[in-house]
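Student: Take this structure, written in structure tokens, and hold onto it; I'll ask about it next.
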Amino acid sequence: MYYKIKIEDTVRIPPRRFNEPREKVAIETLNETYNARLDRTLGLFICVYEIEELGEGKLIMGDGASYHRVIFNSIFFKPEQQEIIDGEVIEIAEFGAFVRLGPMDGLVHVSQVTDDYINYDSKRGALIAKESNKTLDESDLVRVRTVAISLKDNSVKDTKIGLTMRQNNLGKFEWIEEAKRKSKKA
């Protein structure tokens with residue numbers, strides 16, 4: 001889920017940028033400072049999109065830059081437990097499928113793909129359901145539910161998001177459409 005969050009901080013504007021619009025420089029500097037920052041409470045920083053208040057600059061002895069108190073609005077991404085998210089399969093492995101969920105990736109373990117027994121086709125790089133012959137390949141679009149989340153401060157690569165597709169209206173988009181057609185016929 002994406003969240004708008006208001007933050008109060010101090011922004012440093014270097015002397016070489018004094019001739020540029022202060023608000024523009026502040027947004028760029030804050031985006032560079034917070035870029036890819038992960039916080040357990042807030043989630044993954046995406047961007048600063050608006051400055052609400054930019055205070056008067058203060059100079060510090062020995063540093064030619066100006067420091068401004070700033071209140072800004074930003075966007076964070078934080079997956080929530082039991083949230084349903086659409087994503088894209090970016091990698092298939094013997095143990096499951098990695099799904100891109102916006103700025104983060106999650107894993108659908110083979111036991112959570114379907115109710116069928118799943119085989120891994122190493123030549124094709126796909127997961128194949130034994131009874132229904134459903135297949136899951138890279139670049140497939142899927143709908144998943146988050147079942148486990150472990151956010152590690154300041155490390156997106158150490159973050160773990162467990163996903164499932166074993167419930168109604170979850171899975172590969174084609175599977176969902178097929179299930180809807182079957183239920184209308186019944």
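The values are calculated or read from the model by the stated rules, or taken from the named source; none is laboratory data. Remember, predicted model here, so these are calculated numbers, not experimental data. Heads up, the Cβs are rebuilt from the backbone with ideal geometry, glycines too, and the neighbour counts pull from every protein chain shown.
Student: Among what's in segment 61-86 and is small (G, A, S) and surrounded by 14 or more Cβ atoms within 10 Å (Cβ to Cβ), pick the residue that is nearest to M165 (Cα to Cα).
Tutor: Top of the filtered list is S74.
Student: Of all residues in segment 1-49, which are in a helix (DSSP H, G or I) and either surrounded by 12 or more Cβ atoms within 10 Å (Cβ to Cβ) or of a type in the set (S, T, N, Q) (or both)?
Tutor: Within segment 1-49, R17, R22, E23, V25, A26, I27, E28, T29, L30, N31, T33, Y34 meet the criteria.
Student: Might you let me know whether segment 141-162 holds any residue that is surrounded by 14 or more Cβ atoms within 10 Å (Cβ to Cβ), assigned to a loop (DSSP other than H, G, I, E, B) and on the phi < 0 side of the Ramachandran plot?
Tutor: Looking through segment 141-162, none of the residues is surrounded by 14 or more Cβ atoms within 10 Å (Cβ to Cβ), assigned to a loop (DSSP other than H, G, I, E, B) and on the phi < 0 side of the Ramachandran plot.
Student: If I71 satisfies every condition in (1) of a type in the set (V, I, T); (2) assigned to a strand (DSSP E or B); (3) in the same structural domain as V142 (by TED's automatic domain parsing) but one, which is the exception?
Tutor: It fails just one condition, (3).
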